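Heads up, the thing below is written out as structure tokens.
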Amino acid sequence: MSQLTELLRQNRKDELWQMCCGFIDLSLGQFMAIQRRLLLNQIEMLRDCELGRKMMRGAMPETVEEFREQVPLTTYADYCPELLEQREDVLPAKPVFWQHTSGKSGEYPFKWVPVSERLAHELGTLMFGVGVFASCEGKGDVSKATKEHPKIVYAVAPKPYTSGVLTHIMQQEVDSHYLPPLEKAESMPFEKRVQEGFRLALSQGFDYFFGLSLVLVAVGEQFKQHSSALKVLALLSQPRALFRLTKGLVKSKLARRPMLPRDLWSVKGIMGGGTDSVVFRERVKNLWGRYPLDTYVCTEATLIATQTWDYDSMTFIPSLNFLEFIPEAEYGKWQLDHSYQPGTVLLDEVKAGENYEIVITNFHGGAMVRYRVGDMVRITALRNEKLGIDIPQMVFERRADDLIDLGPIRLTEKVIWQAIENTTIPYTDWTARKEIIRESGALHLYLELKGTYVASERDIAAALYQQLKRMDTGFVHKDLASMERLLDFKPIEVTLLAEGAFANYIAQRQAEGADLAHLKPPHVNPSEKELSWLGVEAVPPEGEAAARAKRQD
């Protein structure tokens, strides 16, 4: 029995909060002291293993300062072939899990990363804390999280994907009841898994949702659109489901609107992550009655930061990774010259309003050493004044390589996605990239409309552009209006895809044996081949030098 389970059984609420959520009460000085202590422990483990010596290039640092001066920054290629071959004999500690995320086309199919026993234990405790933050009403409130066997709708990719590994780690710390059960869920296709989870939830109820906010929106909209057509006869053999449905219908009738999921369930917490949590947060709240709690998770670092009960910026976690930050100016120098080793700052040196590429070193026998995750984060504030959290606050800004620079407008996946949502145009999916159109750079959006909705490409482009200009993102130049007049600036091009384009893409990739992570095209910067699978002929995305040469001709 885990210590966490024992505290739950004894209802020792103060100790539960301190163990799982107490890091938010640290001063910045205490945060940094934990970082330094755990890094020195990790350095000792790295010295004693083959992979650690390889990553440190023969350096033997004695201090944090020497570590940062002597050990180079790394990328996943530096860990090949050891991690690709899952070689346990070269690691700082024996793993209890191997997890992976998508790889790099033409180089490796997956990025495999080990999880040590100690790291899994620490991570499980903190993931319980995430559940507390998703359900609490204020500091110290664990009242909704003390149920010994919480019911959780399982709507994530199975292990060895990171999301699936996280469910197993949480299961080891707290005996949760997943819908469907883990052993069944992991053998089911994703769509069937989600359908079965909510079918069971009609009878059994559920406490938490763990997965993508996009799934909640899709399920919620289905209930909203088809509530009057639900097959009541099929539920006669399920009295609990029928009772829940009847109550939901009564609530919706009294409110004079279609039935929503919040009429059926009182969800304690929604744990999400990724770009879609920010994009769909208001729709999730309207449909389900709670905001999704956003977390910053990646395979190589596991949990880096989490929102708390104000659902605002995220707070960094001190005990899983040593955190370094490459200032955007340093990142820019590296972009111009990849032999340049960018400098880093620590968390007590970051500045509010600035963007940084994040660098991590795993604690507790992890494998990654000064590893460039490839993400850009923005420091929104040096502390959370509202909640009294004395740790810098962050939001995920973008992948470090997905910025679409159109001059007076710079776009990321998150910004484009939010703008599309704000148009309220129903769509199935989208992808976009910068292309040279009418002899200038433009965002070319490839969009599949949903259902019978009809609109012209020109009108959609205009609506999207208006939403982009209204968004307070820092990505729109303050003099855009004058630039429009001066440059005849028309930065948006829309191509409407045939009905079923994305479904056909997925079917084709499945037929070719593609992995789950590669079934859909990326939202930003798809290749010409990926666009061809969507049934379009793309305009080649030319660089600025090529564009200038074409104009000179």
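Quick notes on this one:
- Conditions (1) in a helix (DSSP H, G or I); (2) in contact with a helix residue (DSSP H, G or I) (Cβ under 9 Å, 6 or more places away or on another chain); (3) under 18 Å from Val359 (Cβ atoms): number failed by Phe23: (3)
- Criterion violated by Met259 - all others in (1) closer than 20 Å to Lys151 by Cα; (2) in contact with a Gly (Cβ under 8 Å, 6 or more places away or on another chain); (3) among the hydrophobic types (A, V, I, L, M, F, W, C); (4) at pLDDT 85 or above satisfied: (1)
- All conditions in (1) in contact (Cβ under 8 Å) with a residue 60 or more places away in the chain; (2) in contact with a Pro (Cβ under 9 Å, 6 or more places away or on another chain); (3) closer than 16 Å to Met368 by Cα hold for Gln86, with the sole exception of (1).
- All told, Phe502 falls short of being closer than 26 Å to Arg398 by Cβ, buried (at least 18 other Cβ atoms within 10 Å of the Cβ) and at pLDDT below 70.
- Filter result for Arg240 (over 18 Å from Tyr154 (Cα atoms) and either at pLDDT 85 or above or in a loop (DSSP other than H, G, I, E, B) (or both)): yes
- Selection within region 127-180 - part of a helix (DSSP H, G or I) and acidic (Asp, Glu): Glu173
- Listed by first and then second residue, the pairs with beta-carbon distance under 6 Å, at least 6 apart or on different chains, first residue in region 247-264 and more than 20 Å from Glu282 (Cα to Cα), second at pLDDT 90 or above and among the charged types (D, E, K, R), are Gly248/Asp263; Lys251/Asp263.
- Any hit, region 53-70, residues being over 26 Å from Ser176 (Cβ atoms) and among the hydroxyl-bearing types (Ser, Thr, Tyr): yes
- Any hit, region 276-287, residues being surrounded by fewer than 20 Cβ atoms within 10 Å (Cβ to Cβ), among the basic types (Lys, Arg) and under 27 Å from Ser27 (Cα atoms): no
- For Thr308, the stated conditions hold: it is within 25 Å of the chain's Cα centre (by Cα), closer than 18 Å to Leu28 by Cα and in a loop (DSSP other than H, G, I, E, B).
- Pairs where the first residue, in region 141-159, is assigned by TED's automatic domain parsing to the domain that holds Arg290 and the second is of a type in the set (Lys, Arg), C-beta under 6 Å, 6+ apart: Val142/Lys13; Lys144/Lys268
- Applying the criterion of being part of a helix (DSSP H, G or I) and acidic (Asp, Glu) to the residues of region 181-196, the residue that is surrounded by the most Cβ atoms within 10 Å (Cβ to Cβ) is Glu196.
- Residue satisfying all of: in region 379-397; part of a strand (DSSP E or B) and surrounded by 19 or more Cβ atoms within 10 Å (Cβ to Cβ); nearest to the chain's Cα centre (by Cα) among these: Phe396
The values are calculated or read from the model by the stated rules, or taken from the named source; none is laboratory data. Predicted model only: the values in this text are computed from it and were never measured. For neighbour counting, all protein chains shown are included, and Cβ atoms are generated from backbone atoms with ideal geometry for every residue, glycine included.
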